[in-house]
Amino acid sequence: MKFLAQLTHRSVLFIGLSILLFGCSSSGSVNTFETDSQPTGPTKWSEVEKIDLDAFPEVPVEIDRDVKHDVPEILMKSKADDSVIEQVDGFRVQVFSSVGQYEAIQAEDRVRDWINSLSEQRRTVLGIQTAPVIYSLYKQPYYRVRVGDYLTRARAQTILNALKSTFPGALVVPDVVQVRR
């Protein structure tokens, strides 16, 4: 019985392989390509160099200088990304912090007056081309007044040194700042 079971498995396997082999074979002929029938180029350079240059007169190419574009003018001048405002990690100078809203408004006014009182020469020394932005922030329970958007601590420290005489409690704090790219 064991022999008969093995014979049956072997015969099933043999039949399956036979079907597979016969199924994969085809009765069509195999095509072979002849390699001798490929075209050949000229055998001598003198055959290639027989070009009459007089048949091609020298006429300068005319270039149309007045080009009309569908592209907006701002893109043609490569200024599409000017004035793009990004928010990045940076620093601000905090000049005031208190629980009183009215005191925060007064501190903001004092900072604005201080900036407006600076001479043009002093602004240049401090690196202030435009008036720095003054931020009034509220994070419970404190009102804070912060100045500027600076990418580096050293830049914020320059402004802090100038503000220290008017605002002795001012300090540089890390913050998310807005910069123009």
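List of remarks:
- Here the range 118-147 is the region considered, the condition is being surrounded by 15 or more Cβ atoms within 10 Å (Cβ to Cβ) and in contact with a Gly (Cβ under 9 Å, 6 or more places away or on another chain), and the residue that is farthest from residue 106 (Cα to Cα) is 128.
- Of the helices (runs of 4 or more DSSP H) contained entirely in the range 94-174, those carrying at least 2 residues that are within 30 Å of the chain's Cα centre (by Cα) fall at 153-163.
- Hits in the range 75-114 - residues which are at pLDDT below 85 and closer than 22 Å to residue 155 by Cα: 83, 84, 85, 86
- Neighbours by Cβ (under 9 Å, 6+ apart or cross-chain): first from the range 156-177, without any contact (Cβ under 8 Å) to a residue 24 or more places away in the chain; second in a strand (DSSP E or B): 157/91; 157/93; 157/150; 157/172
- Test: residue in the range 134-152 that is of a type in the set (A, V, I, L, M, F, W, C) and without any contact (Cβ under 8 Å) to a residue 12 or more places away in the chain: yes
- Residues of the range 126-147 that are among the hydroxyl-bearing types (Ser, Thr, Tyr), within 19 Å of residue 115 (Cα to Cα) and touching a strand residue (DSSP E or B) at 6+ places or on another chain (Cβ under 9 Å): 135, 136.
The values are calculated or read from the model by the stated rules, or taken from the named source; none is laboratory data. Just so it is clear, the structure is predicted and the values come from calculations on it, not from any experiment. Cβ atoms come from the backbone with ideal geometry, glycine included; neighbour counts cover every protein chain shown.
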